[in-house]
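The values are calculated or read from the model by the stated rules, or taken from the named source; none is laboratory data. All figures in this text were calculated on a predicted structure; none of them were measured in a lab. Using ideal geometry, Cβ is built from the backbone for each residue, glycine included, and neighbour counts are taken over all protein chains shown.
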Amino acid sequence: MQKNPYSGKFIAFEGLDGSGQSTQANVLKDFLTETGNQAFLTKEPTNNIIGGLIRGQLTNNWKTDPKCLQLLFSADRAFYLEKEVIPLLEKGITVITDRYFLSTIAYGAVEIEDVDWLIEINKLFILPDITFLIKVSPKICLERIRETRFHIELFEKEQALLQVWQNYESIAKRFENIYIIDGEKTIKEVF
């Protein structure tokens, strides 16, 4: 993966489903905007056609091979980087993403043992300038999910989330500028 060559900062929030990474991405975006900075918030998977296919698999509306799913994530990422993220970064705007390649690899490695392949299919993409990895126990994540949603998605089982977290920790050691934050505190304390 390549360092961000653009004038805008690229910030990623990662974590288990229910960890609060979406909340923290929103809080940072609001903070930057309120302090006079230009900031844009985006999310993976996207709302475009490829993102819709991914969401269909995550919600069990259709099924494909795990490698096909990971290739869809990479295709979705390539499209949104080209059409949305890079043009904003070129203008000097801070882009905050709720999930990026680290989630793809951590979740993908639950079903695909070849982590190097997962990294390889993302190698042409830019690295975030900083990634915040929100650490929350799988049990608490599932409690939060049950409080806010009526359904459980593909990987939202305690044992699967435990494996995903172990993957996050292992993969985070392979890349720079990834900071693990205790997400079991209040929203304000985590921010």
Subject >> Contacts under 7 angstrom Cβ, first residue in the stretch 155-177 being without any contact (Cβ under 8 Å) to a residue 60 or more places away in the chain, partner in a helix (DSSP H, G or I), 6 or more apart >> reply: E158/P138; E158/K139; E158/L142; L162/P138
Original post:
Counting only residues that are in contact with a strand residue (DSSP E or B) (Cβ under 8 Å, 6 or more places away or on another chain) and in a loop (DSSP other than H, G, I, E, B), which one in the stretch 35-57 is surrounded by the most Cβ atoms within 10 Å (Cβ to Cβ)?
Top reply: E44
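Table: residues versus (1) closer than 18 Å to F125 by Cβ; (2) of a type in the set (S, T, Y); (3) at pLDDT below 95.
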site: K9; (1), (2), (3): yes, no, no
site: G15; (1), (2), (3): no, no, no
site: D30; (1), (2), (3): no, no, no
site: N37; (1), (2), (3): no, no, no
site: W62; (1), (2), (3): no, no, yes
Original post:
Can you spot a residue in the stretch 4-22 that is of a type in the set (V, I, T) and out of contact with any Asp or Glu (no Cβ under 7 Å at 6 or more places or on another chain)?
Top reply: no
Subject >> Neighbours by Cβ (under 8 Å, 6+ apart or cross-chain): first from the stretch 71-94, closer than 19 Å to N47 by Cβ; second part of a helix (DSSP H, G or I) and among the aliphatic types (A, V, I, L, M) >> reply: L72/I50; L72/L53; L72/I54; F73/I54; A75/I50; D76/I50; D76/I54; F79/I50
Subject >> Residue check, V85 on the phi < 0 side of the Ramachandran plot, buried (at least 21 other Cβ atoms within 10 Å of the Cβ) and among the aliphatic types (A, V, I, L, M) >> reply: yes
Subject >> Which numbered condition W62 misses (of (1) part of a helix (DSSP H, G or I); (2) closer than 25 Å to K157 by Cβ; (3) of a type outside the set (K, R)) >> reply: (1)
Subject >> Filter result for the condition that a residue is under 30 Å from P5 (Cα atoms), out of contact with any Ser or Thr (no Cβ under 8 Å at 6 or more places or on another chain) and of a type outside the set (A, V, I, L, M, F, W, C), over E82, E143, E147, E90 >> reply: E82
Original post:
For the subset of the stretch 18-34 comprising residues that are outside any helix (DSSP H, G or I) and in contact with a Gly (Cβ under 7 Å, 6 or more places away or on another chain), which member is surrounded by the fewest Cβ atoms within 10 Å (Cβ to Cβ)?
Top reply: G20
Subject >> Contacts under 8 angstrom Cβ, first residue in the stretch 119-144 being within 22 Å of T94 (Cβ to Cβ) and in contact (Cβ under 8 Å) with a residue 24 or more places away in the chain, partner of a type in the set (G, A, S) and part of a loop (DSSP other than H, G, I, E, B), 6 or more apart >> reply: I134/S19; I134/G20; I134/G183
Original post:
out of contact with any helix residue (DSSP H, G or I) (no Cβ under 6 Å at 6 or more places or on another chain), loosely packed, with under 14 Cβ neighbours inside 10 Å and farther than 16 Å from V164 by Cβ: does that describe D116?
Top reply: yes
